[in-house]
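The structure appears right after this line, and notes come after that.
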Amino acid sequence: MASPPTEPAGAAGLESMEGLALDTIISKAGARPAAALACASTHLRAAVDDDALWRRFCAQDLGLDAPLDPDGHPLPSFKDAYKVWLESFGMYPLPLVKRVKLFWSSLKSWLSENFPESLGTLRKGASEAQIKSAEDDLGIKLPMPTKLLYRFCNGQLPFSTNYLENVRMAPLGIIGGYVFYDHSVNVHLSSLEQMVEETNEFYADLNEPGLSNGLNLVLVASSWYNAKSFLLNCSNGELYVGTANLPAGEMMPCVPKSLIKPTNSDMPQDGLLLWLEEHLRRLQNGMIKIRPLRTSRYICLYPEAPPMCTSATTNGVKVRASAVFAPEHHQGMGHALYSYSIRLSVPEACMLGGVYYPSCQLHSRHWIIRCGDRVVSDLHGEGVIGKYPLLLPGQEEFVYESCTPLSGSTGSVEGSFTFVPGRVSRPEGKPFEVMVAPFPLETPEYIF
């Protein structure tokens, strides 16, 4: 004779409980114990079937505030939603599932409000089978957080053979970039297909014989314009950015190593997830913003807020300045390149000696560039990038970008602009100096 099924521990004591007390205990027990209790008796099954209970489980474990499946389709109940999500993502730690889901939903929300043209380039999440196929093609196992990132979104739409379409797509990278002179960078998150293709090309192009032996690197992001590539080490989860010597294998870490934990920890995380989360924080807090680019727009990586962006106002002329490190030009110790962005405006009025002027025009510049405490360059010149911007009160900022090499890891730029009240060709008063507050040149902990 078969023995009766064993009751879950504590089920007998719960039989006599009702209402809020029973609901509280089941809620604190969690979803899996709750499912087990439902098998113990009709009384407990009725308590566990309460959808308000599963609403809490969905919010607590998955960050769901509506009964939706992983593709956003509505389901009859929160209990059904929890079941579907567990079937789809049960092989991953649920705290990590919730974290990655929150990242993608927050990024998509920001893009929807600020950069919808880029939102349209994000692809539907990949299946476990697609990820397994990519791993087989690479001969490399992807870290758990990276696989989960791709389960929710399979990167951005890949570039095609259509040149005009690529030109339209190029500024829409979710990582963004910078432009100075004829150098343009805009980084897209690679799809699995692009990851496989570009990783294989990377190994084929390595100039150092034998360097590829033992490397578990995959290309996870790159720029369609001037080359810039980000590579994830699938053995230890570290993320790197390629330098000018990438064909010889030279890379730089772009996420603090101390933050990366082993994949067998309670909350596994790798460099790619940390990098993307930091990027999202910078978008959300206004450190980086959307700026125009020719006939399009892009995520501009020049910092827009202190301490990386400095601001000074002289006689009503406001100067904001910041710089980005350009790792794709880095050529070993002592050969760093920084690009800087200068924004000039007259927010209210140009006032000099108590006299109001309807306009003022830049005539010349003076730059002092330091490496550490040592002055390495003291430059005087007319105009900026061959222009003499005329500033009017209330107009948008005049923005220009340039670059400077630095023979060290840290430095700064400061200086001044000489402005003429009125116009250079028809001055209405004496020239005056407009200060540029010192802004830093340094290799950041996070490189984008």
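Laboratory data are not the source of any read-out in this text; all were calculated from the coordinates shown. Being a predicted model, the structure only gives us computed values, none of them experimental. All Cβ positions, even for glycine, are placed from backbone atoms using ideal geometry, and neighbour counts span all protein chains on display.
Charge dipole (Cα centre; +1 on Lys/Arg Cβ, -1 on Asp/Glu Cβ; no other charges) of segment 112-202 amounts to roughly 340 debye.
Rounded if a/c is under 1.5, else prolate if a/b is larger than b/c, else oblate: which is segment 305-362, with a ≥ b ≥ c the root eigenvalues of its Cα gyration tensor? If you can, show how the numbers build up before the last one.
Working: a/c = 4.29, a/b = 3.26, b/c = 1.32.
Prolate is the answer for segment 305-362, as a/c is 1.5 or above and a/b outweighs b/c.
If I take R0 = 51 Å and measure r between the Cβ atoms of Ser407 and Asp80 in this structure, what FRET efficiency does the formula 1/(1 + (r/R0)^6) give, to the nearest 0.05? Mind dumping the intermediate values first?
Values: r = 63 Å, r/R0 = 1.23.
Calculated value: 0.25.
With Cα atoms as the point set, the chain shows a radius of gyration and Dmax of 28.0, 108 Å.
Per-residue 3J(HN,Hα) values for segment 345-355, derived from phi via the Karplus relation 6.51 cos²θ - 1.76 cosθ + 1.60 with θ = phi - 60°, read 7, 10, x, 10, 7, 8, 10, 9, x, x, 9 Hz in sequence order (x marks Gly and Pro). For segment 94-284, a simple Cβ point-charge model (Lys and Arg +1, Asp and Glu -1, everything else neutral) yields a dipole of about 840 debye relative to the Cα centre. Simple spin-label estimate for Asn162 and Leu215 gives 3.4 nm between the two label positions (7 Å along the Cα-to-Cβ direction from each Cα). Taking each residue as 0.36 nm, the span from Asn207 to Ser258 lengthens on full extension beyond its C-alpha to C-alpha distance by 15.3 nm.
The slack between Phe398 and Arg281, meaning 0.36 nm per residue of separation minus the straight C-alpha distance, is 39.4 nm.
Relative contact order for the chain: 10 percent, from Cα pairs under 8 Å spaced at least 6 residues apart, divided by residue count.
With all projection directions averaged, the alpha carbon convex hull of segment 302-442 covers 8.6 nm². Residue exposure proxy: Thr314, Thr410, ordered by other Cβ atoms within 10 angstrom of their Cβ from fewest to most, comes out as Thr410, Thr314.
Here the Karplus relation 6.51 cos²θ - 1.76 cosθ + 1.60, evaluated at θ = phi - 60°, turns the backbone of segment 390-405 into coupling constants of 9, 9, 10, x, x, 6, 4, 4, 8, 10, 9, 10, 8, 8, 8, x Hz, with x for every Gly and Pro.
What is the sum of charges, Lys and Arg at +1 and Asp and Glu at -1, for the other residues whose Cβ falls under 13 Å from the Cβ of Lys101? That works out to -1.
How much FRET efficiency would the formula 1/(1 + (r/R0)^6) give for Asn245 and Tyr356, where r is the Cβ-Cβ distance and R0 is 56 Å, rounded to 0.05?
Working: r = 55 Å, r/R0 = 0.97.
Efficiency, from the Cβ-Cβ distance: 0.55.
Placing dummy labels 7 Å off each Cα toward the beta-carbon, the span from Asp51 to Trp110 is 3.4 nm.
Projecting the Cα atoms of Ser345, Pro74, Phe432 onto the charge dipole of the chain, computed from C-beta unit charges around the Cα centre, puts Phe432 farthest toward the positive end. Near Cys350, the amide H atoms lying under 5 Å from its own belong to Tyr357; only residues 5 or more places off or on other chains count, and H is placed 1.01 Å from N. Kirkwood radius for segment 94-284, taken over all pairs of different Cα atoms as the inverse mean of 1/r, rounds to 17.1 Å. Go ahead and run the numbers for FRET between Glu428 and Tyr225, Cβ-Cβ distance against an R0 of 41 Å, rounding to 0.05. Rounded to the nearest 0.05, the efficiency is 0.45.
The stretch between Ala66 and Asp378, if pulled fully straight at 0.36 nm per residue, gains 106.3 nm over its current Cα-Cα span. Residues considered: Ala326, Ala129, Ala349. Largest GNM mean-square fluctuation over the chain, using C-alpha springs under 10 Å, is found at Ala129. For Lys147, the lysines whose Cα falls under 29 Å of its own Cα, not counting residues fewer than eight places away in the same chain, are Lys79, Lys83, Lys98, Lys101, Lys108, Lys124, Lys132, Lys228, Lys257, Lys261, Lys289.
Hey, what did segment 169-299 get for relative contact order, percent, Cα under 8 Å, at least 6 apart? Present the calculation step by step, with values, prior to reporting the outcome.
On the way: 213 pairs, mean separation 28.3, N = 131.
In percent, rounded to a whole number, it is 22.
Secondary-structure-derived ellipticity at 222 nm for the chain, considering helices only, amounts to -8500 deg cm²/dmol, per-run term -39500 (n - 2.57) for DSSP H runs with n ≥ 4.
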